[in-house]
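Working notes for the structure below.
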Number of protein chains: 2
Amino acid sequence: MPLGGLGEVGKNITLYECQGDMILVDCGIVFPDSDMFGVDLVIPDFTYVVQNKDRIKGVVITHGHEDHIGGLPYLLKEVNLPIYATRLTIGLITNKLEEHGLVRSTKMVEIAPHQKFKLGCFTVEPIHVNHSIPDAVALAITCPAGTIIQTGDFKIDYTPISGGPTDLVTIAEYGEHGVLALLSDSTNAERPGFTATEQKVGASMEALFSRAGKKRIIIATFASNLYRVQQLIDLAVKAGRKVAVSGRSMVNNTQMALELGYLHAPETVLIDIEDINKYPPEKIVLITTGSQGEPLSALSRMAAASHRNVRVGEGDFIIISANPIPGNEKMVTKVVNGLLKLGAEVIYESMYDVHVSGHACQEEQKLMLTLAKPQFFLPVHGEYKHLKKHAQTAAAVGIPEKNIYIGENGDCVVLSADGLTVGEPVPAGAVMVDGLGVGDVGNVVLRDRRHLSEDGLVIVVATIDARTGEVLAGPDLVSRGFVYVRESEKLLDDARDQVRDVLGRMSAADKRDFGSVKTRIRETVSAFLYRKTKRSPMILPILMEV
Amino acid sequence: MPLGGLGEVGKNITLYECQGDMILVDCGIVFPDSDMFGVDLVIPDFTYVVQNKDRIKGVVITHGHEDHIGGLPYLLKEVNLPIYATRLTIGLITNKLEEHGLVRSTKMVEIAPHQKFKLGCFTVEPIHVNHSIPDAVALAITCPAGTIIQTGDFKIDYTPISGGPTDLVTIAEYGEHGVLALLSDSTNAERPGFTATEQKVGASMEALFSRAGKKRIIIATFASNLYRVQQLIDLAVKAGRKVAVSGRSMVNNTQMALELGYLHAPETVLIDIEDINKYPPEKIVLITTGSQGEPLSALSRMAAASHRNVRVGEGDFIIISANPIPGNEKMVTKVVNGLLKLGAEVIYESMYDVHVSGHACQEEQKLMLTLAKPQFFLPVHGEYKHLKKHAQTAAAVGIPEKNIYIGENGDCVVLSADGLTVGEPVPAGAVMVDGLGVGDVGNVVLRDRRHLSEDGLVIVVATIDARTGEVLAGPDLVSRGFVYVRESEKLLDDARDQVRDVLGRMSAADKRDFGSVKTRIRETVSAFLYRKTKRSPMILPILMEV
């Protein structure tokens, strides 16, 4: 049962059930769409997980990105389940659970490639895969019904920075023994060819380091891409530059990775951000967050000249080592414009090869399909267009179309050697998190926020004598987000006169029926303001009884 | 004086002044940023134009796109100026002015390449250029100070669908005689190479038409790209298909273009959208708006299965013949997902070459610079990053850096053979249009809309006895866009108790000072709700006096 991650990029979570036992794979978040006003993040609906909590043996995590681990704190607040993950992933989860005070109550079990472990009737083998974060694994999940391979996020890098290429041998062995189903990463299903090796970024960066000459080098990239960070440290050492990091997640991640041995740097190379101005520009490499133009990130603060330690100017050579995630293009452009205006040289175009994807393109997806040789194929991790393309790729390498299923969140896909059927759907959906509130913002609240954001509101307030129906105070009109009040006094005065007329025409008895008074006020003011402005602010009549 | 179009993509407008005479070139709009909640469109600030209206001899328009003509109705409501434009452009402007009831009061003068005309001390020669709309011109503006060439939007297409290539000869002639300054289109300044010819789209489309086989073909593109529409009509004729159009602007534009002779179609080929279901799918080509995923467009309605005449299904072959404009990617993806789910085959990837840009890339910009040989160069039409790149391109072809100026809206650039200086800036900025209101939505209103959109609002209302300070009714709390009221009754009840406590602790005299009562209420409720929810809704205390 995919409870998230289908028809969307994010909040990946899959529930497996066999002979009454259950396991979960991953538990991610997705960032809100632009129409989810004020929402901080979106987590999966855990209803079905909570209903079945006594049968779930554990949560197995494929890697430490937000769309695979971000939902864990919210899950663990509802059900206490053991977490199974590789070492770096456990480090990242621990940081996250600490913020929510959940570390002590959570059992975490370190797993590693080639080390099978049992959860109820399931045997799980982690399989090393390449991705844009170290310690990522695919999972071979064997149960009485057969073996399922879930790739997690993966690509195939024959010359990775460390850890070796995706373990094609183990996948091929499972394929030889028979794989019931493959659930494979669809993120790059639209891209032909192969994703380039991470080393290509190193080569481009080396050329850019030399082009930077005497300038200070500032590089923005994803804080979790420790391969990228490692390459930048190595290049800095070679160029005789010191390395500083900026941005909370970059500081946390590099520190943890150094402690756990996922990053290596000579001790004298790393310096504190507070100290960068003690060195000449040509002796500095600054690695920072903000490659997506996030408004509060370190790079955005540099572009707005409000970073505490870094003043960007003509002596800076800035590289944005990431592509904008769809939806972030304008934010990135704003940051680039800001940095350019300050006089910096900025490398942001894709032609400089300063970024490679962490996901498999079509040829890699074909290789995975060919080695795993699954009876059934379910494309996962992607919007419908990605899943559809991946299904077409699978058909192209010979998976019969009847054995390919494009699912939706909440589907109950029943797999056995006899065939694939789809049972009754289970609860699955999006739960919005806003501040401390989980799920207390829903469609009604969002509809109001949208309405308020487009045209603002006009409040009509009046105090009415409960006995006589006489209007004792008001009607008064208060507006916010509608028009400049100072320039629109007449408009609001005229609207108030309309309300007065309405109230004047109603009998004392009518006026004691607040429901109909409010309806009349709302209709009158709404029609009047639309006629005058072609806008429809929210009209909120409030009547008080004395 | 550039009054718009610098540091932004849109609302192009430039004011020229020489010996007391003035002319305007173009008058466009820009679509609002995502943080301009509820704003329909943004026009230039006409303050300086209005101040100088008696000296302005006319408005010369380069071509009929919204970012060059969209602001005209708003300008003409403030000052009555004659418009000079080519034939198709006048047609498009007329449609626009009709909606605002401005056709009769506006003098429009048809201009054409090679036909010079005088406006005060200015002599203007329109020069034919290629763009994604017919009848586009650059302008050679000669005045006692010298000749300025403003390219408008342009590219160089050696094999255009009609009208011939950009008139390089005339530009070269002006270059030979001496050009004081060049103002050139920077939109594609980041792209190396040449923009491909529009004919390439035709070739790709022909292959796709044949691949569509027995399916109905639906193509979304820009309504103003009549070259594209012409090619589609020609291909439909060749394939024995009828052509229907959908979407208001597509219907209006094709009808006008047929009447004016900018589109040619055998009479029996074009059919009404109402009649498309009378033909088998393989006999239909439907050309529609919605290539940017605009929520109310014809293609979006097809994807949502709510189009009045078109039900999309497995028998449809849909081509999106446009690239998403930055910011529109997610909307386009939503439409693509919807169409795919309905079973249609959808061609939307850039690799199919179903779209080419209408703007010059770096090599074309170099050609323009080389032929015009300007003394001074001002990159225009683009964000800062585009202008900067274009400036670098100009420097690369030999324009001295001191003769290149990256301006801002409102700059007063003084040009003469002796040099380029920048005088006192003039008023220039963005005026927001929301419904019928022009400029009545500003930063305060937008700030409120943003605040309301993020956390909603809580209204605290109470009626107070003017004489005794006694609270006669309330305090009551009303919230919108904050939390689900039904699930948060206790939260709002507790907040009300806090307000009661505050009022209870105040003396009768204190309570008659409404200002300080409101402040106390706001602070109390705000702090309480933030502590409980980590959210900051707008708090709006309203007190009534009886």
Original post:
By how many degrees, between 0 and 90 and to the nearest 10, does the Cα long axis of helix B:384-396 differ from the longest principal axis of chain B?
Top reply: 30
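I'd like the antiparallel share, as a percent to the nearest 5, of DSSP beta bridges with both residues in the protein assembly as shown.
Details: 84 of 174 bridges.
Taking every DSSP beta bridge with both residues in the protein assembly as shown, the antiparallel ones total about 50 percent.
Over all residues in B:528-538, what is the mean tally of Cβ atoms on other chains that come within 10 Å of each residue's Cβ?
On the way: counts 0, 1, 2, 1, 3, 5, 5, 8, 2, 1, 4.
Mean shielding count: 3.
If the viscosity is 1.567 mPa s and the temperature 4 °C, what translational diffusion coefficient in µm²/s does Stokes-Einstein give for region B:198-352 when Rh comes from Kirkwood over Cα pairs? Display every interim value, and only then the final one.
Details: Rh = 15.3 Å.
Rounded, D is 85 µm²/s.
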**OP:** Using a 1.4 Å probe on the heavy atoms of the protein chains only, list every residue of region A:402-449 that has 10 Å² or more less accessible area in the complete assembly than in its chain alone.
**Re:** A:Asp434, A:Gly435, A:Leu436, A:Gly439, A:Asp440, A:Gly442, A:Val444, A:Val445, A:Asp448, A:Arg449
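Using DSSP to call loops (not H, G, I, E or B), can you name the GluC sites (Glu not before Pro) in region B:279-385 whose Cβ has at most 16 other Cβ atoms within 10 angstrom?
Values: sites: B:Glu282, B:Glu314, B:Glu329, B:Glu345, B:Glu349, B:Glu363, B:Glu364, B:Glu383; in loops: B:Glu314, B:Glu349, B:Glu383.
When the GluC sites (Glu not before Pro) of region B:279-385 are filtered for loop state and at most 16 Cβ neighbours within 10 Å, B:Glu314, B:Glu349 remain.
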**OP:** Out of all DSSP beta bridges with both ends in region B:443-545, state the antiparallel percent to the nearest 5.
**Re:** 45
Original post:
Using a 1.4 Å probe on protein heavy atoms, which residues of region B:332-369 have at least 20 Å² less accessible area in the complex than alone?
Top reply: B:Thr333, B:Asn337, B:Leu340, B:Lys341, B:Tyr348, B:Glu349, B:Met351
Original post:
Mind checking the angle between helix B:226-239 and chain B's longest principal axis? C-alpha axes, 0 to 90 degrees, to the nearest 10.
Top reply: 70
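Can you compute the equivalent ellipsoid semi-axes for region A:454-545, i.e. the square root of 5 times each eigenvalue of the Cα gyration tensor, sorted largest first and rounded to whole Å? Intermediate results must be reported in sequence, preceding the final value.
Details: eigenvalues 112, 29, 25 Å².
Gyration-tensor ellipsoid for region A:454-545: 24, 12, 11 Å.
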**OP:** Could you pull out the trypsin sites (Lys or Arg not before Pro) across region B:477-538 that fall in loop regions by DSSP (anything but H, G, I, E, B) with no more than 13 other Cβ atoms inside 10 Å?
**Re:** B:Lys534
Subject >> Two-site label geometry, A:Ala395 and B:Gln51: point separation in nm, points 7 Å out along Cα→Cβ >> reply: 6.5
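Would you work out the relative contact order for chain A, in percent, from Cα pairs under 8 angstrom that are 6 or more residues apart? Can you show the working numbers first?
Values: 1156 pairs, mean separation 83.5, N = 546.
Dividing the mean separation by the residue count of chain A yields 15 percent.
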**OP:** Please report the relative contact order for region B:198-352, taking Cα pairs under 8 Å with a sequence separation of at least 6, and give it as a percent rounded to a whole number.
**Re:** 28
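Which whole number of Å³ per residue matches the convex hull of the alpha-carbon atoms in region B:267-397?
Numbers: hull volume 20.6 nm³, N = 131.
Measuring per residue, one finds 158 Å³ for the Cα hull of region B:267-397.
Please compute the per residue accessible area over region B:198-352 with all protein chains in place, 1.4 Å probe, rounded to a whole number of Å². Let's see the in-between values first.
On the way: 6660 Å² over 155 residues.
Per residue, region B:198-352 has an accessible area of 43 Å².
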Original post:
Sorted by accessible area (1.4 Å probe), largest first, how do B:Asp465, B:Asp234 line up?
Top reply: B:Asp234, B:Asp465
Original post:
Using Cα atoms only, what is the angle between the long axis of helix A:443-455 and the major principal axis of chain A, expressed in degrees (0 to 90) to the nearest 10?
Top reply: 70
Original post:
Given the C-alpha centroids of region B:412-467 and region A:116-149, what is the distance between them in whole angstrom?
Top reply: 56
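Would you mind giving the mean number of other chain beta-carbons within 10 Å of the Cβ of each residue in A:33-40, as a whole number? Spell out each step's value before the answer.
On the way: counts 2, 4, 2, 0, 8, 12, 1, 2.
So the per-residue partner count for this stretch is 4.
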**OP:** Would you mind telling me the share, in percent, of accessible area of the protein assembly as shown contributed by carbon and sulfur at probe 1.4 angstrom?
**Re:** 50
Original post:
How much accessible area is lost when chains A and B come together, counting both sides, with a 1.4 Å probe, in Å² rounded to the nearest 100?
Top reply: 5500
Original post:
Under 23 Å Cα-Cα from B:Lys373, which lysines qualify once same-chain neighbours fewer than 8 residues away are excluded?
Top reply: B:Lys116, B:Lys155, B:Lys388, B:Lys389, B:Lys402
Original post:
Can you give the translational diffusion coefficient of chain B in µm²/s, computed by Stokes-Einstein from the Kirkwood radius over Cα pairs at 37 °C and 0.692 mPa s?
Top reply: 124
Subject >> Peptide B:380-386, shielding by other chains (average Cβ, 10 Å cutoff) >> reply: 4
Original post:
Which of the residues in region B:456-477 show a loss of at least 10 Å² in accessible area from their chain by itself to the complete set of protein chains, at a probe of 1.4 Å?
Top reply: B:Leu457, B:Ile459, B:Val461, B:Thr463, B:Leu472, B:Ala473, B:Asp476
**OP:** Enumerate the calculated ³J(HN,Hα) couplings along region A:358-371 in order (Karplus 6.51 cos²θ - 1.76 cosθ + 1.60, θ = phi - 60°), each rounded to whole Hz, writing x wherever the residue is Gly or Pro.
**Re:** x, 10, 5, 8, 4, 5, 5, 4, 5, 4, 4, 5, 5, 6
Original post:
Given the C-alpha centroids of region A:336-351 and region A:40-62, what is the distance between them in whole angstrom?
Top reply: 43
Original post:
Going by Cβ distance under 4.7 Å, what cysteines of chain B have no possible disulfide partner?
Top reply: B:Cys27, B:Cys121, B:Cys361, B:Cys412
Subject >> Solvent-accessible area per residue, Å², over region A:9-110 with all protein chains present [probe radius 1.4 Å] >> reply: 37
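When the helices in the protein assembly as shown are scored as -39500 (n - 2.57) per DSSP H run of 4 or longer and the sum is shared across all residues, what 222 nm value do you end up with, to the nearest 500 deg cm²/dmol? List each step's numbers first, then the result.
On the way: 32 runs with 358 residues, N = 1092.
After summing the helix terms and dividing by residue count, I get -10000 deg cm²/dmol.
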Original post:
Taking H as built 1.01 Å from N, whose amide H comes closer than 5 Å to the amide H of B:Asp157, not counting residues under 5 places away?
Top reply: B:Asn130, B:Thr166
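The values are calculated or read from the model by the stated rules, or taken from the named source; none is laboratory data. Computed from a predicted model, the values in this text were never measured in an experiment. Don't worry about glycine lacking a Cβ; one is built from the backbone with ideal geometry, like all the others, and counts go over all protein chains shown. Heavy atoms of the whole protein, side chains included, go into the accessibility calculation; ligands, DNA and RNA do not. Shrake-Rupley method; radii C 1.70, N 1.55, O 1.52, S 1.80 Å.
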